[in-house]
Amino acid sequence: TLWRRRADILAYFDLGASNGPVEAINGRLEHLRGIALGFRNLNHYILRSLVHSGQLQDRINAL
């Protein structure tokens, strides 16, 4: 398995890129999805996602 993935493993050291930030956002949204099962409206779910992730103010300023 390591031998087959060697190019991917070595690419990490060349680029220094990590999927950690993406996984953190995904974890927050998965947590939110668990507590938002009662939402009937997609817009309410999106708004709650923005509030939960702390990006609501950015979204309001963009309008």
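The values are calculated or read from the model by the stated rules, or taken from the named source; none is laboratory data. Since the model is a prediction, treat every value here as computed from it, not as a measurement. Glycine also receives a Cβ, built like all others from the backbone with ideal geometry; neighbour counts cover every protein chain displayed.
I'd like the residue in region 1-41 that is among the charged types (D, E, K, R) and under 24 Å from Gly54 (Cα atoms) and, out of all such residues, is farthest from the chain's Cα centre (by Cα). Please lay out each step first, then the result.
First pass over region 1-41, keeping only residues among the charged types (D, E, K, R): 4-6, 8, 14, 23, 28, 30, 33, 40.
Among the residues that remain, those that are also under 24 Å from Gly54 (Cα atoms) are: 23, 28, 30, 33, 40.
Details: Glu23: 6, Arg28: 7, Glu30: 9, Arg33: 12, Arg40: 22 Å.
Filtering region 1-41 for residues that are among the charged types (D, E, K, R) and under 24 Å from Gly54 (Cα atoms), the one farthest from the chain's Cα centre (by Cα) comes out as Arg40.
With Arg48, Arg59, Arg28 as the choices, which residue is of a type in the set (D, E, K, R), modelled with pLDDT of 80 or more and in contact with a helix residue (DSSP H, G or I) (Cβ under 7 Å, 6 or more places away or on another chain)?
Arg28
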